[in-house]
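The values are calculated or read from the model by the stated rules, or taken from the named source; none is laboratory data. No experiment lies behind these values; they were computed from the predicted model shown. Heads up, the Cβs are rebuilt from the backbone with ideal geometry, glycines too, and the neighbour counts pull from every protein chain shown. Note: areas computed on protein heavy atoms with side chains; ligands, DNA, RNA excluded. Shrake-Rupley method; radii C 1.70, N 1.55, O 1.52, S 1.80 Å.
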Amino acid sequence: MQYIIIGIVLLIILLAILKANKKDVNLDFNKLVEALGGKENIIDTEIMLSRFKVTLKDITKANKEAIQKLGAKGIVEIDNQLKIILGPNSKQLKKYIDDLK
């Protein structure tokens with residue numbers, strides 16, 4: 001009986017920790033769009049596995065430091081494009097930006 005109670009308490013603690021660590025994805029996406037210079041600065045988006053490629057009107061409006069702080073594992077700038085390594089969130093971010101337009 002004691003083991004069942006201990007197991008239930010541990011399960012509740014585990015669920016509480018997981019819920020506390022879960023991020024609000026939409027909030028992060030809003031911040032990412034702002035770090036890219038706003039939705040009006042974004043011309044086109046593409047995804048390639050864990051990479052998110054975005055073409056911008058004005059690359060100088062992009063805040064690469066803020067993008068890194070929001071979880072990007074790497075950023076490569078080529079002309080007016082940024083290739084951002086985001087992991088599994090790339091697909092969700094593309095859908096979010098497409099819905100904004």
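So here's what we get for this one:
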| quantity | calculated |
| --- | --- |
| Odd one out for L27 among (1) open to solvent by 50 Å² or more (accessible area, probe 1.4 Å); (2) at pLDDT 90 or above | (2) |
| Pick from the stretch 1-19, criterion modelled with pLDDT under 85 and part of a helix (DSSP H, G or I), ranking: least open to solvent (accessible area, probe 1.4 Å) | A16 |
| Residues of the stretch 66-101 that turn out to be under 14 Å from the mean Cα position of the chain (by Cα), farther than 15 Å from T45 by Cβ and not small (G, A, S), as a count | 5 |
| Top-ranked residue in the stretch 66-91 [being open to solvent by 70 Å² or more (accessible area, probe 1.4 Å) and within 12 Å of S50 (Cβ to Cβ); ranked as modelled with the highest pLDDT] | K73 |
| Subset of the stretch 92-101 that is surrounded by 15 or more Cβ atoms within 10 Å (Cβ to Cβ) and of a type outside the set (F, W, Y) - its residue that is farthest from G38 (Cα to Cα) | Q92 |
